[in-house]
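Since the structure comes first, as structure tokens, the remarks are kept for the end.
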Amino acid sequence: VDIYTSTFKHEGFSVDSALDGLTGLQRAKDNPPDLLVLDILLPKMDGWEVLGNLRKDPKTKELKVVIISNLDQQSFPENIFNLGVIKYFLKFQTTPEELVTAIKEILK
């Protein structure tokens with residue numbers, strides 16, 4: 001989290017981060033971001049639960065979500081993109097800088 005946070009801040013992004021899914025969900029609901037970068041393997045509430053809760057709330061129903069995880073596509077539900085996920089990245093194949101570049105493109 002620290003590496004991604006510092007990389008995004010260095011590129012001029014305003015960043016709010018959380019170390020667990022429950023805290024991240026609450027922060028996203030309290031102050032919906034332009035885009036949420038979500039991991040799947042999180043303590044207290046996994047990323048799928050976070051995503052499901054976001055989609056049930058009118059304030060966050062349309063929130064742009066990008067997943068970054070060490071889980072490969074075979075571990076994802078078939079309807080991942082129907083859940084509003086724009087793109088997913090594998091952590092071990094994506095540098096923080098590559099993620100920032102992709103996010104900039106998505107937000108254009």
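Carbon and sulfur together cover what percent of the accessible area of the chain at a 1.4 Å probe radius?
Working: 3380 of 6760 Å².
Carbon and sulfur atoms account for 50 percent of the accessible area of the chain.
Return the single residue from GLY12, GLY52, GLY21 with maximal mean-square fluctuation; model: Gaussian network over the chain, springs between Cα atoms under 10 Å.
GLY12
For the range 1-69, which GluC sites (Glu not before Pro) are in a loop by DSSP, counting at most 14 other Cβ atoms within 10 Å? Write down the numbers at each step before the final one.
Numbers: sites: GLU11, GLU49, GLU62; in loops: GLU11, GLU62.
Here the sparse-neighbourhood loop sites are GLU11, GLU62.
Counting only Cα atoms, I'd like the Rg/Rh figure for the range 1-63, Kirkwood definition for Rh. All intermediate terms of the calculation are to be shown ahead of the outcome.
On the way: Rg = 11.6 Å, Rh = 12.0 Å.
That ratio equals 0.96.
Between LEU90 and GLU62, how high is the FRET efficiency from 1/(1 + (r/R0)^6) when r is the Cβ-Cβ distance and R₀ = 25 Å? Nearest 0.05. Can you show the working numbers first?
Values: r = 26 Å, r/R0 = 1.02.
So, using R0 = 25 Å, E works out to roughly 0.45.
For the chain, compute the orientation-averaged projected area of the C-alpha convex hull (one quarter of its surface), in nm². Don't jump to the answer; show the numbers that get you there.
Values: hull surface 25.5 nm².
Average of the hull's projected areas for the chain equals 6.4 nm².
Run the quick spin-label model on LEU19 and ALA102: label points 7 Å from Cα toward the beta carbon, then report their separation in nm to one decimal.
2.6
Give me the extension gain from HIS10 to ASN82: residue separation times 0.36 nm, minus the current Cα-Cα distance, reported in nm with one decimal. Intermediate results must be reported in sequence, preceding the final value.
On the way: separation 72, 0.36 × 72 = 25.92 nm, distance 3.21 nm.
Between HIS10 and ASN82, full extension yields 22.7 nm more.
Skip the ligands, DNA and RNA, and give the accessible area per residue of the chain with a 1.4 Å probe, whole Å². The partial results should precede the final answer.
On the way: 6760 Å² over 108 residues.
Accessible area per residue, the chain: 63 Å².
Dipole size in debye (nearest 20) for the chain around its Cα centre, Lys and Arg Cβ +1, Asp and Glu Cβ -1?
Details: 13 positive and 16 negative charges, 69 e Å.
The calculated dipole for the chain is roughly 320 debye.
Taking 23 Å as the cut-off for C-alpha to C-alpha distance, list the pairs among LYS61/LYS91; LYS44/LYS104; LYS61/LYS87; LYS56/LYS108 that go past it.
LYS61/LYS91; LYS44/LYS104; LYS56/LYS108
Counting only protein chains, not ligands or nucleic acids, how are PHE8, PHE81, PHE92, PHE13 ordered by accessible area (probe 1.4 Å), most first? Provide the component values of the computation, followed by the final result.
Working: PHE8 20, PHE81 105, PHE92 135, PHE13 50 Å².
Result of the area sort, largest leading: PHE92, PHE81, PHE13, PHE8.
Got the relative contact order for the chain handy, in percent, Cα pairs under 8 Å and 6 or more residues apart?
Relative contact order, the chain: 25 percent.
Counting only the heavy atoms of the protein chains, how much of LYS87 is accessible to a 1.4 Å probe, in Å² to the nearest 10?
90
The values are calculated or read from the model by the stated rules, or taken from the named source; none is laboratory data. What you are looking at is a predicted structure, and each value in this text was computed from that prediction instead of being measured. Don't worry about glycine lacking a Cβ; one is built from the backbone with ideal geometry, like all the others, and counts go over all protein chains shown. Calculation scope for accessible area: heavy atoms of the full protein, side chains included, ligands and nucleic acids excluded. Shrake-Rupley method; radii C 1.70, N 1.55, O 1.52, S 1.80 Å.
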